[in-house]
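What follows is a single structure, written as structure tokens, with notes after it.
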Amino acid sequence: MDAERWQRLSPLLDVLLELDPEARAQQLEILRADDPETARELEKLLALEEEGDDFIDQPLVDKPGQLKPGIRIGPYQLESMLGEGGMGMVWLASRADGLYQRRVALKLLRPGLADPNLRLRFTREREILARLEHPNIARLLDAGIGSEGQPYLALEYVEGVSITDYCQANNIGLEERLRLFLQICEAVSHAHANLIVHRDLKPSNILVTPSGEVRLLDFGIAKLLDDPEPVPVHPRTEVRAFTLHYAAPEQVRGELVTTMTDVYSLGVVLYELIADTKPYRLRRQTDAEWEQAILAVEPLKPSVATLRTTDGSRSRCPDARRNARRLAGDLDNIALKALRKAPEQRYPSVEALSRDLQRHLEGRPVLARPQSLGYRLQKYLVRQRWTLAIGGLATTLLVAALAASLWQGRQAMREAARAQAMQDFVIGLFDNASASQQGSTFDARELLAAGERRGMRELASQPPAQAELLGVIARLRLGLGDYRESLALLERQARVLDTTPDAPDSLRLQAATQHGRVLRLLGRSRQCVQAMAQMEARLPGLSSRLPLPVAEFQSQNGRCRADAGEKQVARQMFERSLDTRRSLKDEAGVAENLRDLAQLDVELGNAEAGVRGYRAALAHLQAHGYARHPLVIEIQRSLALLYRNRGETDAALASFQRARELSEEIHGPRHPLTQALRRHIAAVHVDQGRLREADEELRRLHAMTLETLGPRHRDAASSWNSMGIIAWERGDDATAVRDVAQAIAIWRENESLQILPGGLFNYGMVLHSAGRHDEALAALEESRRMRVATIGASHALIGETDRMIGEVLAAKGDLEGATERFDRAVRLTRVGFGPAHPRTWFAELSMARHQTRLGRPQEALAALETLARHEGGGSEAPKLRWLARGYQAEARCRMGERERAQRDLDTLAAELRSAQPDGGVIPREIAALRAACR
């Protein structure tokens, strides 16, 4: 491609590269209609650009004497190119003659350009720069001619970026942008005072240093106003000398250039600084369109332009309206006056433009607007706003002091009424105690119901006190485990608060927190999130006044979010709450959030991090004197559940026993939490094979639970479930099915959605043991659906359910369906729990045994051999080894090795009689394998 052709294509290619793909395609279609050959060449160049980032790394036009790093020009050595234009290029260079060290911006003519007019212009630029000495103008340091006749100018090297890029990258505010622009005006004014017109003012020639100082560059096409003989130039060079987007109308028309030409260019730069866009919106980005706009189109007001995107649609920037309001008025008028088409209608000088901007910053009337009385009065009021505000504030304070005293009086009366209401409630409880007496004990629920009726009757005219009373009773009900009754009370409280506009924010926040807590305890995590979302928007305004209640709200909200599957959102809420509680030295609250974060780690499959978190919470409570705090019970219980889940039976039993001892001390032996911990201990005894001891304890607990909580309480359902598992272990399938079915019915009735999936899993397991495979499959599928809805289809617990479904399908003869379920179970448990987890072991065990069912006993033996040698203690590892040995014997029996298989099973049965004297599921299964092998 020759140089002339490239000069034709280069500006068109620049325009196309700046457009998005859709606009670029439209522009090419328009160009193709006028000049198909040019359009084809441009498409080829664009295709090269898309093929790689190295497009045009090598110049398309061969240049004689090509410059490159390391070459010396005079006393300077070239380092890297900083930029290039139509006639010249600028290199970063360093002094290389040893006289002194300095880095400069070395401006050179392009190699190969022999036009004497260009050399004369280069010489004239040197003369212009020599006349300028201003801190905001890059100084001329040296000039000369290199050994090969190459003229050069050594300019001050400015480390900076263009003013528009600097403002955008550093998010510079409007006032600071205007102050930077005033520095530009000072530099241009200095040039004009020396009878020099710059003629190419644009952001790329205006750099801002890291210290915030402006430097004006590139006087390459500047004009001396006192020059009697202008430099002759080639017509084509003159046309491309200025930058079209910033050119004044007279430049486009080729008319006389004056200082007001620079005023216009400064107006474009100002417009771009304050509106972040150019003054003209064009449908096609061509030179002809730009020339037409500069000559004939009136620019939009900056306040209007900032509300629109480049394609004319409304801006979606959240600050667009606020920015538009700040530009409307003075800045609109200043920018548009600088951009007038006729030079005589613009500011007469750069100093006039600068003074008007300074007036705007000082709050004084600007000359670009009509000086009406209203405008001048408005400016005066704004300018004197602090003086007027102080006077108004003094008056306001006097009025406010009087209003505050009246408000405080009314507030004190309200607080006294609320305190009296609470006192009357407590007295009312004991006034009605005789009506609730049953032998030597009192019915706590009847006491609360009587106090509620009396309180509602006596506080009918005091909604805030009534709402607070409902919240207190709800919390007491919650302590008794009456979750549904507590929810009903909190919903009544919410209705009272909705009709009580003067209710304290602290009461509203506490009510929302307790409402979420009860919904979560009922397993309604999604409803909990929705209920608490209504208060979330008000938290920023309450954080400074009520930091601890806000932290408690965030903690409860985080627990609901975690249960609903929003783990990362929950973590952010726990961490915000933790920061607040740490700053306020709420040590018990800090421990609570450490426990929350540990629980989150466990739910995300990081059990080790969970253990560390629980222990850190316990250590924090111990270090701050809270060793007997109720929170210790919950943390010990969480630790024990984690240990039991991992098969660490001894550690689980120790933690459960510590929690039970503390619960008995704090809450008493008949409290629901104490009873729940005793059930956990009995469950560990079942894991250890101590069935008789566990059965006796569970029967005692069952009677106590029914007596204290009633037969339809969710804890009563937990008791039925535990008794059903004992019956299943002892081989009483009918009783097991009946008891677990009773638990399921109560949990459904109480909407205990958190517990129900686990209960349905147990129900499917005992139904399968009883041979009722279709019912078992229905229960297990329902459990799986509920878990998928809350924790997702890829959670490890889904793998455990798939394993049990596979066992049921195998029993029904659907071996292919069972294979699919076992495969998924192994995959999910390995990923979610890890290879060392008991649930993973038993998934692998089920899959290995299934190979025997599929007629591949040899493959089964290889996998079972590994499992039978599995090391480990606790309760689960021995079970794994016993079952693996039993299934090995089953595989050998299928292979015809009956005598060896029967010997192995006899040995295993004798071992189990010693290890598990109370019997259990595993001894029964080994007995069934012996019978089948015979």
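The values are calculated or read from the model by the stated rules, or taken from the named source; none is laboratory data. None of the values given here were measured: they were computed from a predicted structure. Cβ coordinates were reconstructed from backbone atoms using ideal geometry, including for glycine residues, and neighbour counts include every protein chain displayed.
Going through segment 850-876 one residue at a time, which ones are of a type outside the set (A, V, I, L, M, F, W, C) and outside any helix (DSSP H, G or I)? Step through it out loud before you land on a result.
Keep residues of segment 850-876 that are of a type outside the set (A, V, I, L, M, F, W, C), which gives 850-853, 855-859, 865-866, 869-876.
Residues satisfying the conditions are Gly855, Arg856, Arg869, His870, Glu871, Gly872, Gly873, Gly874, Ser875.
Evaluate the following for Ala494: is it modelled with pLDDT of 85 or more and of a type in the set (Gly, Ala, Ser)? Outline the logic, then answer.
Details: modelled with pLDDT of 85 or more: yes; of a type in the set (Gly, Ala, Ser): yes.
Answer is yes for this residue.
How many of the residues in segment 635-686 are of a type in the set (Asp, Glu), assigned to a helix (DSSP H, G or I) and closer than 27 Å to Ala836 by Cα? Break it down stepwise before answering.
Step one: of segment 635-686, the residues of a type in the set (Asp, Glu) are 648, 650, 661, 664-665.
Still in the running and assigned to a helix (DSSP H, G or I): 650, 661, 664-665.
Then keep just the ones that are closer than 27 Å to Ala836 by Cα; that gives 650.
Residues that pass the stated criteria total 1.
Output the helices (runs of 4 or more DSSP H) that fall wholly within segment 107-220 and possess 3 or more residues being out of contact with any Lys or Arg (no Cβ under 6 Å at 6 or more places or on another chain), closer than 20 Å to Ala335 by Cα and of a type outside the set (Asp, Glu), or say none. First the steps, then the outcome.
On the way: elements: 116-130, 163-169, 174-193.
The helices (runs of 4 or more DSSP H) meeting that bar are 163-169, 174-193.
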task = Kindly indicate whether any position in segment 579-593 is of a type in the set (Lys, Arg) and surrounded by fewer than 21 Cβ atoms within 10 Å (Cβ to Cβ).
result = yes
remark   = Residues of segment 202-233 being among the hydrophobic types (A, V, I, L, M, F, W, C) and either touching a Phe, Trp or Tyr at 6+ places or on another chain (Cβ under 6 Å) or modelled with pLDDT under 85 (or both), in sequence order, are Val208, Phe219, Ile221, Ala222, Leu224, Leu225, Val231, Val233
Every pair of residues 6+ apart whose Cβ atoms lie under 7 Å, when the first sits in segment 190-203 and is basic (Lys, Arg) while the second is assigned to a strand (DSSP E or B) = Arg199/Lys223
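What's the total number of residues in segment 283-308 that are assigned to a helix (DSSP H, G or I), under 24 Å from Leu28 (Cα atoms) and touching a residue at least 40 places away in the same chain (Cβ under 8 Å)?
Initially, segment 283-308 is screened for residues assigned to a helix (DSSP H, G or I), giving 287-296, 302-305.
After this cut, where a residue has to be under 24 Å from Leu28 (Cα atoms) as well, the list is 287-294.
Filter once more, keeping what is touching a residue at least 40 places away in the same chain (Cβ under 8 Å): 287, 290-291, 294.
So the answer is 4.
Would you be able to say whether some residue in segment 538-554 is closer than 26 Å to His713 by Cβ and of a type in the set (Val, Ile, Thr)?
First, the residues of segment 538-554 that are closer than 26 Å to His713 by Cβ: none.
No, there is no match, as no residue in segment 538-554 is closer than 26 Å to His713 by Cβ and of a type in the set (Val, Ile, Thr).
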query = Looking only at segment 749-787, which residues are under 19 Å from Arg738 (Cα atoms) and among the aliphatic types (A, V, I, L, M)?
reply = Ile755, Leu756, Leu760, Met765, Val766, Leu767, Ala770, Ala776, Leu777, Ala778, Ala779, Leu780
query = Failed condition for Leu905, given (1) surrounded by 19 or more Cβ atoms within 10 Å (Cβ to Cβ); (2) closer than 21 Å to Glu820 by Cα, with all others met?
reply = (2)
request  = State which residue is farthest from Ile746 (Cα to Cα) when the search covers only segment 522-536 and only residues that are modelled with pLDDT of 85 or more and hydrophobic (A, V, I, L, M, F, W, C).
outcome  = Met535
inquiry  = If Ala588 satisfies all but one of (1) assigned to a helix (DSSP H, G or I); (2) small (Gly, Ala, Ser); (3) touching a Ser or Thr at 6+ places or on another chain (Cβ under 8 Å), what's the number of the condition it fails?
reply    = (3)
request  = Filter segment 550-594 for residues that are under 24 Å from Gln530 (Cα atoms) and of a type in the set (Lys, Arg) and give the result.
outcome  = Arg559, Arg561, Lys567, Arg571, Arg576
remark   = Selection from segment 742-785 of residues free of Cβ contacts under 8 Å to residues at least 40 places away in the same chain, buried (at least 19 other Cβ atoms within 10 Å of the Cβ) and among the aliphatic types (A, V, I, L, M) yields Ala743, Ile744, Ile746, Leu760, Met765, Leu767, Ala776, Leu777, Ala779, Leu780
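Counting only residues that are assigned to a helix (DSSP H, G or I) and touching a Ser or Thr at 6+ places or on another chain (Cβ under 6 Å), which one in segment 321-365 is modelled with the lowest pLDDT?
Here is the first cut: in segment 321-365, the ones assigned to a helix (DSSP H, G or I) are 321-327, 330-338, 343-345, 350-362.
Okay, now just the ones that are also touching a Ser or Thr at 6+ places or on another chain (Cβ under 6 Å), so 323-324, 327, 332, 350-351.
Details: Asn323: 81, Ala324: 84, Leu327: 85, Asp332: 89, Val350: 92, Glu351: 93.
So, considering only residues that are assigned to a helix (DSSP H, G or I) and touching a Ser or Thr at 6+ places or on another chain (Cβ under 6 Å), the one modelled with the lowest pLDDT is Asn323.
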query = Taking segment 862-881 only, how many residues are surrounded by fewer than 19 Cβ atoms within 10 Å (Cβ to Cβ), in contact (Cβ under 8 Å) with a residue 24 or more places away in the chain and among the hydrophobic types (A, V, I, L, M, F, W, C)?
reply = 1
inquiry  = Take the conditions small (Gly, Ala, Ser) and on the phi > 0 side of the Ramachandran plot and apply them to Gly806. Does it pass?
reply    = no
request  = Scan segment 159-169 and give yes if some residue there is crowded, with 19+ Cβ neighbours inside 10 Å, among the aromatic types (Phe, Trp, Tyr) and over 36 Å from the mean Cα position of the chain (by Cα), otherwise no.
outcome  = no
inquiry  = Being surrounded by 22 or more Cβ atoms within 10 Å (Cβ to Cβ), among the basic types (Lys, Arg) and out of contact with any strand residue (DSSP E or B) (no Cβ under 8 Å at 6 or more places or on another chain): is that true of Arg520 here?
reply    = yes
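Is there a residue being touching a Leu at 6+ places or on another chain (Cβ under 8 Å), among the basic types (Lys, Arg) and crowded, with 21+ Cβ neighbours inside 10 Å anywhere in segment 596-616?
First pass over segment 596-616, keeping only residues touching a Leu at 6+ places or on another chain (Cβ under 8 Å): 597, 602, 607, 610-611, 613-616.
Still in the list and also among the basic types (Lys, Arg): 615.
This time we only want the ones that are crowded, with 21+ Cβ neighbours inside 10 Å, so: none.
There is no residue in segment 596-616 that is touching a Leu at 6+ places or on another chain (Cβ under 8 Å), among the basic types (Lys, Arg) and crowded, with 21+ Cβ neighbours inside 10 Å.
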key: Checklist (1) touching a Gly at 6+ places or on another chain (Cβ under 9 Å); (2) of a type outside the set (Val, Ile, Thr); (3) at pLDDT below 90 applied to Pro669, failing item   = (1)
ask   = Taking Ala488, is it surrounded by 18 or more Cβ atoms within 10 Å (Cβ to Cβ) and part of a helix (DSSP H, G or I)?
value = no
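Would you call Leu448 crowded, with 21+ Cβ neighbours inside 10 Å, modelled with pLDDT of 80 or more and either in contact with a Cys (Cβ under 9 Å, 6 or more places away or on another chain) or in a helix (DSSP H, G or I) (or both)? Steps first, please.
Values: crowded, with 21+ Cβ neighbours inside 10 Å: yes; modelled with pLDDT of 80 or more: no; either in contact with a Cys (Cβ under 9 Å, 6 or more places away or on another chain) or in a helix (DSSP H, G or I) (or both): yes.
Answer is no for this residue.
Could you grab me the full set of residues in segment 768-791 that are part of a helix (DSSP H, G or I), among the hydrophobic types (A, V, I, L, M, F, W, C) and more than 18 Å from Glu603 (Cβ to Cβ)? Break it down stepwise before answering.
Keep residues of segment 768-791 that are part of a helix (DSSP H, G or I), which gives 768-769, 773-791.
Those left that are additionally among the hydrophobic types (A, V, I, L, M, F, W, C): 776-780, 786, 788-789, 791.
Selection gives Ala776, Leu777, Ala778, Ala779, Leu780.
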Residues located in segment 561-577, provided they are surrounded by fewer than 21 Cβ atoms within 10 Å (Cβ to Cβ) and part of a helix (DSSP H, G or I) = Lys567, Gln568, Val569, Arg571, Gln572, Glu575, Arg576
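This table checks each residue for (1) at pLDDT 95 or above; (2) closer than 22 Å to Trp841 by Cβ.
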{"site": "Glu729", "(1), (2)": "no, yes"}
{"site": "Val737", "(1), (2)": "yes, no"}
{"site": "Leu756", "(1), (2)": "no, no"}
{"site": "Glu775", "(1), (2)": "yes, no"}
{"site": "Ala789", "(1), (2)": "no, no"}
{"site": "Ala793", "(1), (2)": "no, no"}
{"site": "Gly799", "(1), (2)": "no, yes"}
remark   = When segment 534-564 is checked residue by residue, the ones that are closer than 11 Å to Thr513 by Cβ and of a type in the set (S, T, N, Q) are Gln554, Ser555, Gln556, Asn557
task = Could you tell me which residue of segment 298-315 is surrounded by the most Cβ atoms within 10 Å (Cβ to Cβ), considering only residues that are at pLDDT 85 or above and among the aliphatic types (A, V, I, L, M)?
result = Ala305
